[in-house]
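**Q** Have a look at this one before I ask anything.
What follows draws every value from the coordinates through simple rules; no lab data is involved. Worth saying up front: this structure is predicted, and the values here are computed from it rather than measured. Cβ atoms come from the backbone with ideal geometry, glycine included; neighbour counts cover every protein chain shown.
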Amino acid sequence: MSVVRQQTPAAPQATPGQIIAKYQASAPVDVVAIAHELGVNVWEMHFASPRISGKIFRDPLNGGPSGFSIAVNAGEPSGRKRFTVAHEVAHFILHRAKLENGDLVDDTMYRSGLSDDEEKAANLLAAEILMPFSLTQQLVNEGIKDVDLLAAKLQVSPTAMKIRLGIQVA
Ligand SMILES: [Zn+2]
């Protein structure tokens, strides 16, 4: 008996930009849902070193459909963990080829062994994911003008919010 496998045309894949945009309509941006939709699972871990904020790594057993997982330091505050997930998502989108070389581990300064330019690009995309200008503007229009309140609404650290808004950080 032969099995005929029917070929169905693959559904058009959403681009990372389209996936991200889908979750930026309301605050806070669900960055874990973005990771899942990109095919990456997200875990909280207790790392041996407190100097590690997160990592993205090949995880054939427990990873998402992409075969990758993100782990964040369970001991850090929630706004910080969200930024770390967004930073690792950014590495997944921007530096996918480099992830084939092994685990990408970011310390608390978001240094992983990639170049400074690559880390900057990951930080910028992470900020764009969590604090899109359109959503931030919408919140301001709704009367939320205080930086700390904006940060609370978007569930990011006040420091991240200040950097995003171009306000001098002490
Ligand atoms: Zn990094």
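**Q** Scan the range 107-114 and tell me whether some residue there is acidic (Asp, Glu) and more than 17 Å from the chain's Cα centre (by Cα).
**A** Start the filter on the range 107-114 by keeping residues that are acidic (Asp, Glu), which leaves 107.
Then keep just the ones that are more than 17 Å from the chain's Cα centre (by Cα); that gives none.
No - not one qualifying residue is present in the range 107-114.
**Q** Now a separate question. In the list GLY67, GLY75, which residue meets the criterion of being away from the ligand (no atom under 15 Å from the Cβ), under 20 Å from GLY54 (Cα atoms) and in contact with a strand residue (DSSP E or B) (Cβ under 7 Å, 6 or more places away or on another chain)?
**A** From the options GLY67, GLY75, the qualifying one is GLY67.
**Q** Now for a separate question. What pairs come up if the first residue lies in the range 88-105 and is without any contact (Cβ under 8 Å) to a residue 60 or more places away in the chain and more than 10 Å from the ligand (Cβ to nearest atom), the second is of a type in the set (Lys, Arg) and outside any loop (DSSP other than H, G, I, E, B), and their beta carbons are under 9 Å apart, counting only those six or more places apart or on different chains?
**A** Cβ pairs passing all conditions: LEU99/ARG58; GLU100/ARG58; GLY102/ARG58; ASP103/LYS55; ASP103/ARG58.
**Q** Sort out which residues of the range 122-166 are assigned to a helix (DSSP H, G or I), in contact (Cβ under 8 Å) with a residue 12 or more places away in the chain and of a type in the set (Ser, Thr, Tyr), and write them in order of number.
**A** Of everything in the range 122-166, those that are assigned to a helix (DSSP H, G or I), in contact (Cβ under 8 Å) with a residue 12 or more places away in the chain and of a type in the set (Ser, Thr, Tyr) turn out to be SER134, THR136.
**Q** Given the conditions (1) within 9 Å of the ligand (Cβ to nearest atom); (2) crowded, with 19+ Cβ neighbours inside 10 Å; (3) not aliphatic (A, V, I, L, M), and given that GLU118 satisfies all but one, which numbered condition is not satisfied?
**A** Of (1) within 9 Å of the ligand (Cβ to nearest atom); (2) crowded, with 19+ Cβ neighbours inside 10 Å; (3) not aliphatic (A, V, I, L, M), only one is false for GLU118: (2).
**Q** Taking the options VAL140, VAL156, name whichever one is over 22 Å from GLU100 (Cβ atoms) and in contact with a helix residue (DSSP H, G or I) (Cβ under 6 Å, 6 or more places away or on another chain). Let's see the steps before the verdict.
**A** Working: VAL140 fails: in contact with a helix residue (DSSP H, G or I) (Cβ under 6 Å, 6 or more places away or on another chain).
When all the criteria are applied, what remains is VAL156.
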